[in-house]
Amino acid sequence: MAVAMFALWSAALCTEPLKPLLPPENTLYMAGVAELRDDVYSADLKWSAELAPCNCFSVYTDMSYRFVSYQYELTLHDQLHEYVNLQVNGLNESFVGMKFFPFPFFGINASWRFQPGEGSQIERFPRLGIEPTGLWHFSRNMLLGISGQYYTFLEDKNYQPGDELGAKASFVWNIGWTRHERSGWRVSYAYLFRWRIQESENHNLAKAYQKMDDEYRGFRMRGAIARYYGFEKFSLGVGGAYEMNRGTLFGFETGHKVEFFVKAEFP
């Protein structure tokens with residue numbers, strides 16, 4: 001019940017999370033994030049919750065709040081100018097979704113992104129996503145995953161973003177885990193490549209000038225390591241992660257993100 005209430009509360013409030021591919025599970029997650037993207041420095045708090053009433057179905061939500069964000073620039077016009085350009089802070093993108101796995105090795109992840117709050121400088125359109133996912137238990141302690149993605153956006157203020165396709169691969173490796181105590185080290189990695197397959201359109205302009213020439217593509221990768229401690233009714237993981245993105249879809253320059261997190265898992 002506590003997990004469900006948490007999920008409903010946070011659904012109405014993240015920058016898009018990059019996670020390894022996993023089956024439905026019961027989890028609570030909270031993290032502090034420091035990010036550098038497009039010369040903008042920021043600090044976020046993010047959390048998520050997932051509720052799985054059975055092994056084949058779950059609902060989830062992801063949310064983050066941007067506390068600090070600024071841009072430090074140097075400009076040379078006969079003299080050197082140094083200044084800090086403050087960014088708008090507040091809620092980032094928020095997501096709700098569901099996983100349905102009719103088979104242990106295959107399922108569908110469907111998600112909805114609400115229009116973000118003032119903490120987001122980009123991706124400011126509601127979005128529907130579908131992600132067919134395949135899982136392979138390579139060994140008792142290693143799970144491999146691969147998925148395809150399709151995203152479509154709602155038109156807002158006469159601007160229609162183009163549809164996007166993506167592909168993601170990941171692994172989760174539990175090192176030194178005991179079968180019943182659910183404790184040990186966990187290493188995970190996820191790689192995402194996504195591209196906009198059609199140009200966005202600005203319907204405020206004449207028909208001949210509506211195309212935005214923005215068929216961009218880019219990638220993100222994230223590695224994480226955590227130490228899990230088993231308790232009677234749940235296991236608790238404490239760890240850190242590093243994420244990098246590159247490309248005009250996710251940022252004009254290489255972006256970096258460092259994350260420290262805690263994650264509770266309920267069998």
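The values are calculated or read from the model by the stated rules, or taken from the named source; none is laboratory data. Since this is a predicted model, take the numbers as computed values, not measurements. Methodologically, a virtual Cβ is constructed for each residue, glycine included, from the backbone with ideal geometry; neighbour enumeration extends over all protein chains shown. Surface areas here come from the heavy atoms of the whole protein model, side chains and all, with no ligands, DNA or RNA. Shrake-Rupley method; radii C 1.70, N 1.55, O 1.52, S 1.80 Å.
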For segment 25-41, 3J(HN,Hα) per residue [Karplus equation, 6.51 cos²θ - 1.76 cosθ + 1.60, θ = phi - 60°, Hz, x = Gly/Pro] = 7, 9, 9, 10, 9, 9, 8, x, 10, 10, 9, 10, 8, 6, 6, 10, 9
Helical contribution to [θ] at 222 nm, DSSP H n ≥ 4, -39,500 (n - 2.57), averaged over the chain, rounded to 500 = -1000 deg cm²/dmol
So, with a 1.4 angstrom probe, what is the percent of accessible area on the chain that is carbon and sulfur?
-> 64 percent
Put a dot 7 Å past each Cα toward the Cβ at Ala206 and Met98; how far apart are the dots in nm?
-> 4.7 nm
Set the Förster radius R0 to 35 Å, insert the Cβ-Cβ distance between Phe57 and Val187 as r into 1/(1 + (r/R0)^6), and round the FRET efficiency to 0.05.
-> 0.80
Heavy-atom accessible area per residue - the chain, 1.4 Å, Å² | 54 Å²
Sort the following peptides by mean Cβ neighbour count (other Cβ atoms within 10 Å, averaged over residues), highest first: 102-108, 236-242, 17-23.
-> 17-23, 236-242, 102-108
Out-of-range pairs (alpha-carbon distance over 25 Å; input Lys19/Lys99; Lys19/Lys211; Lys19/Lys46; Lys19/Lys257; Lys157/Lys257; Lys168/Lys233) | Lys19/Lys211; Lys157/Lys257; Lys168/Lys233
In whole Hz, the Karplus estimates of ³J(HN,Hα) for segment 61-71 (6.51, -1.76, 1.60; θ = phi - 60°; x where Gly or Pro) are 8, 10, 8, 8, 10, 8, 8, 10, 7, 8, 10
The simple spin-label model distance between Tyr242 and Leu36, using points 7 Å out along Cα→Cβ, in nm, is 1.2 nm
If you plug each phi of segment 230-245 into the Karplus form 6.51 cos²θ - 1.76 cosθ + 1.60 with θ = phi - 60°, what whole-Hz ³J(HN,Hα) values come out, in order, with x for Gly and Pro?
-> x, 10, 4, 10, 6, 10, 10, x, 10, x, x, 8, 10, 10, 10, 10
